[in-house]
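Asker: Pasting in a structure now, in structure tokens, and then I'll have a few things to ask.
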Amino acid sequence: MRLFLDTANIEHIKHGVRLGIISGVTTNPSLVSKEGKVNYKKLVQEICAIVPGPVSTEVISQDSAGMISEAREIATWAKNVVVKIPAGLEGIEATHALAKEKIKVNFTLCFSVNQALMAALAGAAYVSPFVGRLDDIGKNGMQVVEDIMLVYKQYPEIKTEVIAASIRHPQHCLAAAKTGAHIATVPYQVLLQMAKHPLTDIGIARFNDDWRKVMGDVKNI
Ligand code: G3P
């Protein structure tokens, strides 16, 4: 499973890329707004220049014609830009039109297997089931990811990749990997948590103590 960062924060993206484990970024209007009143195009282009893989950025329009014209413009901003189109009938129509023009779509705000199936049929490059938001309303978000993977596997002709999104904690990420999801997009804080283990910290401290007791401050090189 690949990891994307779910953020529009440049410093966090740079750090993720430096770690060598982030191969894409997803943003949405809420995440972009967290960065203040920015020049949207410039911000997206900056992210696209930092990240070696796809960078998803979302349209604001709610009708298919508006989504299509916004997406056409966004698609000119960078080679690795992917346009996020929200689920729903308008979104399906826009996805189909954009796929025909070879514009890559991340079909977002997906909450059901049927929506994911329609995304694939319309030609979306990615589909983003929102795990945490389903959990928030008492549903099992990861079950939807698992079911999408199950259905997609029945039809090898489906090339749409599944991005487990709305990831809230490391356990979500682990569970997403177990479903075989192609990608999990994680907030920066979750990425940091994933790298941590208390026994790792205790182990490093103990090794250093043992070394210093005998060797003092002498380094081993
Ligand atoms: O990738 C979608 C994600 O940004 C939504 O996350 O935590 O706002 O539900 P959240």
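The values are calculated or read from the model by the stated rules, or taken from the named source; none is laboratory data. Everything quoted here is computed from the prediction, not taken from an experiment. As a convention, Cβ positions derive from the backbone with ideal geometry for all residues, glycine included, and neighbour counts pool all protein chains shown. Keep in mind that these areas ignore ligands, DNA and RNA; they rest on the heavy atoms of the full protein, side chains included. Shrake-Rupley method; radii C 1.70, N 1.55, O 1.52, S 1.80 Å.
Asker: In the stretch 173-185, which residue that is within 14 Å of the ligand (Cβ to nearest atom) and either of a type outside the set (A, V, I, L, M, F, W, C) or assigned to a loop (DSSP other than H, G, I, E, B) (or both) is farthest from VAL17 (Cα to Cα)?
Answerer: ALA181
Asker: Filter the stretch 3-20 down to residues that are assigned to a helix (DSSP H, G or I) and open to solvent by 40 Å² or more (accessible area, probe 1.4 Å) and give me whichever is nearest to the ligand (Cβ to nearest atom).
Answerer: HIS12
Asker: When the residues of the stretch 186-213 are narrowed to those that are polar (S, T, N, Q) and open to solvent by 90 Å² or more (accessible area, probe 1.4 Å), which ends up farthest from the ligand (Cβ to nearest atom)?
Answerer: Result: GLN193.
Asker: Give the stretch 23-39 a look and list any residue that's surrounded by 18 or more Cβ atoms within 10 Å (Cβ to Cβ) and out of contact with any Asp or Glu (no Cβ under 9 Å at 6 or more places or on another chain), or say none.
Answerer: Within the stretch 23-39, GLY24 is the sole residue that qualifies.
Asker: Limited to the stretch 162-172, what total is found for residues that are more than 10 Å from the ligand (Cβ to nearest atom) and free of Cβ contacts under 8 Å to residues at least 40 places away in the same chain?
Answerer: Qualifying residue count, the stretch 162-172: 3.
Asker: Considering the stretch 141-160 alone, what residues qualify as being in contact with a helix residue (DSSP H, G or I) (Cβ under 6 Å, 6 or more places away or on another chain), more than 16 Å from the ligand (Cβ to nearest atom), open to solvent by less than 70 Å² (accessible area, probe 1.4 Å) and not β-branched (Val, Ile, Thr)?
Answerer: ASP147, MET149
Asker: From the residues in the stretch 65-87 that are of a type in the set (Gly, Ala, Ser) and surrounded by 20 or more Cβ atoms within 10 Å (Cβ to Cβ), which one is nearest to the chain's Cα centre (by Cα)?
Answerer: In this case the residue turns out to be ALA87.
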